[in-house]
């Protein structure tokens with residue numbers, strides 16, 4: 001079984017991340033998500049999708065956004081309160097899209113590691129949303145097919161009107177193909 005840790009701070013994309021997690025898993029019955037939602041009561045747009053199909057596979061912990069202490073704190077809450085000893089632990093951000101059969105791909109990569117305790121790590125490929133994106137509508141995110149290494153960059157600060165002072169980050173592909181050219 002694979003436990004997927006998701007720390008979410010007032011992120012309308014988390015609902016799409018969860019749907020994509022299960023839809024694109026080759027074996028969704030082996031996947032369990034643990035989500036720490038750091039939200040305000042007025043954040044209704046974070047819960048518009050119907051995730052009932054996977055509700056028995058999603059463990060949740062709710063914190064008020066005013067008690068949020070950042071993603072590392074939320075991840076520690078997930079590990080302490082929601083992780084149930086599954087065979088594998090997969091930590092992602094709340095704004096994420098998956099490759100088809102991602103679970104099988106990861107397990108195959110792990111099987112090629114010559115270590116008793118292998119660790120796969122990377123920052124995921126980026127995705128783009130349509131300019132007319134409205135939370136709750138059909139997911140129209142387009143996952144990047146670039147094989148380029150991605151880097152994390154500052155994107156923007158949260159909505160100050162919603163009491164959201166946190167910096168948002170975004171991935172961007174590197175302009176260089178490391179190791180590909182002399």
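Taken together, the values in this text are just the output of simple stated rules run on the coordinates, not laboratory data. If you're wondering where the values come from, they're calculated on a predicted model, not measured in any experiment. Cβ: placed from backbone, ideal geometry, glycine included. Neighbour counts: every protein chain shown.
What the table below lists for this structure:
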{"item": "Alpha-carbon Rg/Rh ratio, for the stretch 61-140, with Rh computed the Kirkwood way", "result": "1.02"}
{"item": "Contact order normalised by residue count of the chain, Cα under 8 Å, 6+ apart, percent", "result": "24"}
{"item": "Counting DSSP beta bridges with both ends in the stretch 2-173, the antiparallel % (nearest 5)", "result": "30"}
{"item": "Sum of -39500 (n - 2.57) over DSSP H runs of 4+, divided by residues of the chain (222 nm, nearest 500)", "result": "-5000 deg cm²/dmol"}
{"item": "Cα Rg, Dmax, the stretch 1-47, angstrom units", "result": "11.6, 35"}
{"item": "Residues residue 114 and residue 137, FRET efficiency given R0 of 41 Å [Cβ-Cβ distance, rounded to 0.05]", "result": "0.35"}
{"item": "Most mobile of 116, 130, 28 in a GNM of the chain (Cα contacts under 10 Å)", "result": "116"}
{"item": "Taking all pairs of distinct alpha-carbon atoms in the stretch 1-101, Kirkwood radius in angstrom", "result": "13.5"}
{"item": "Gain in span if fully extended, residue 53 to residue 144, counting 0.36 nm per residue against the direct Cα distance", "result": "30.1 nm"}
{"item": "18 Å reach of a label modelled at residue 29, 7 Å along Cα-to-Cβ, counting backbone N of the stretch 96-110", "result": "101-104"}
{"item": "Added length on full extension, which subtracts the Cα-Cα distance from 0.36 nm per residue, residue 156 to residue 174", "result": "4.5 nm"}
{"item": "Per residue Cα convex hull volume in Å³ - calculated over the stretch 2-173", "result": "130"}
